[in-house]
Amino acid sequence: MQRLEGRLIYAASDLNDYLECKRLTELEALVAGGKLLRPELDDPHGDILRRKGEEHERAYFERLQSDGLIAFERCANTMEAYANAERETVAAMRRAARVIYQATFFDGEFIGRADFLRRVETPSDLGDFSYEVVDTKLGLNPKPYYLVQLCNYSE
């Protein structure tokens with residue numbers, strides 16, 4: 001959750017936080033509003049998992065580079081940058097890109113950044129194809145947290 005131009009902007013993780021603990025959502029809103037500071041945590045285990053996750057995503061990215069991949073950089077955290085990033089994502093989808101890396105979706109309230117979008121041959125308003133979200137996670141089995149995230153991006 002973040003506050004931009006006087007508005008709260010939510011991400012899939014905020015929806016998961018709310019499902020886990022409503023008080024956490026209240027605390028995050030206080031942090032986003034500048035009324036509370038998030039405590040600094042020394043989490044070596046979390047740092048290792050984050051690094052391994054980034055390595056896994058990078059390896060998946062490298063495998064897909066020869067498959068017509070369009071890659072976007074993370075945009076700045078501004079309303080304008082989010083809106084531009086979504087327009088670029090939709091334009092790549094309309095061009096029928098086979099794979100899109102770091103796709104951005106933004107409706108003015110929710111921001112979503114999918115690791116990958118993969119074109120599938122299922123008709124949609126785009127044409128004879130559509131996209132499915134692929135998120136790179138280290139887990140061997142899907143977790144409800146990640147499924148909510150994928151549903152949010154798909155929506």
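Among the residues of the stretch 128-155, write down those that are surrounded by 13 or more Cβ atoms within 10 Å (Cβ to Cβ), part of a loop (DSSP other than H, G, I, E, B), modelled with pLDDT of 80 or more and charged (D, E, K, R). Give the steps one after another, and end with the answer.
Our first condition is that a residue be surrounded by 13 or more Cβ atoms within 10 Å (Cβ to Cβ); within the stretch 128-155, this holds for 129-137, 145-146, 148-150, 152-154.
Narrowing the set further to residues that are part of a loop (DSSP other than H, G, I, E, B) leaves 129, 135-137.
Those left that are additionally modelled with pLDDT of 80 or more: 129, 135-136.
Correct list: ASP135 only.
Does the stretch 53-68 include one or more residues that are small (Gly, Ala, Ser), in contact (Cβ under 8 Å) with a residue 24 or more places away in the chain and farther than 25 Å from ALA81 by Cβ?
Just the residues of the stretch 53-68 that are small (Gly, Ala, Ser), to begin with: 53, 59, 66, 68.
Of the ones still in play, those that are also in contact (Cβ under 8 Å) with a residue 24 or more places away in the chain are 53, 68.
Then drop every residue that is not farther than 25 Å from ALA81 by Cβ, which leaves 68.
Yes, because at least one residue in the stretch 53-68 is small (Gly, Ala, Ser), in contact (Cβ under 8 Å) with a residue 24 or more places away in the chain and farther than 25 Å from ALA81 by Cβ.
Those residues that are in contact with a Leu (Cβ under 9 Å, 6 or more places away or on another chain), closer than 27 Å to THR78 by Cα and of a type in the set (A, V, I, L, M), I need them from the stretch 112-155; list them, please.
Result: ALA114, VAL133, VAL134, VAL148.
Quick check, is ALA96 in a loop (DSSP other than H, G, I, E, B) and surrounded by fewer than 20 Cβ atoms within 10 Å (Cβ to Cβ)? Walk me through it before giving the result.
On the way: in a loop (DSSP other than H, G, I, E, B): yes; surrounded by fewer than 20 Cβ atoms within 10 Å (Cβ to Cβ): yes.
Criteria met by ALA96.
Can you say whether LEU49 is part of a loop (DSSP other than H, G, I, E, B) and open to solvent by 70 Å² or more (accessible area, probe 1.4 Å), as far as the supplied structure shows? It would help to see each step written out before you state the result.
Details: part of a loop (DSSP other than H, G, I, E, B): no; open to solvent by 70 Å² or more (accessible area, probe 1.4 Å): yes.
Spelling it out, it is not the case that LEU49 is part of a loop (DSSP other than H, G, I, E, B) and open to solvent by 70 Å² or more (accessible area, probe 1.4 Å).
The values are calculated or read from the model by the stated rules, or taken from the named source; none is laboratory data. The model shown is predicted, which means the values in this text are computed figures rather than measured ones. Cβ sites come from the backbone with ideal geometry, for glycine too, and all protein chains shown count toward neighbours. Areas reflect the complete protein model, heavy atoms only, side chains present, ligands, DNA and RNA absent. Shrake-Rupley method; radii C 1.70, N 1.55, O 1.52, S 1.80 Å.
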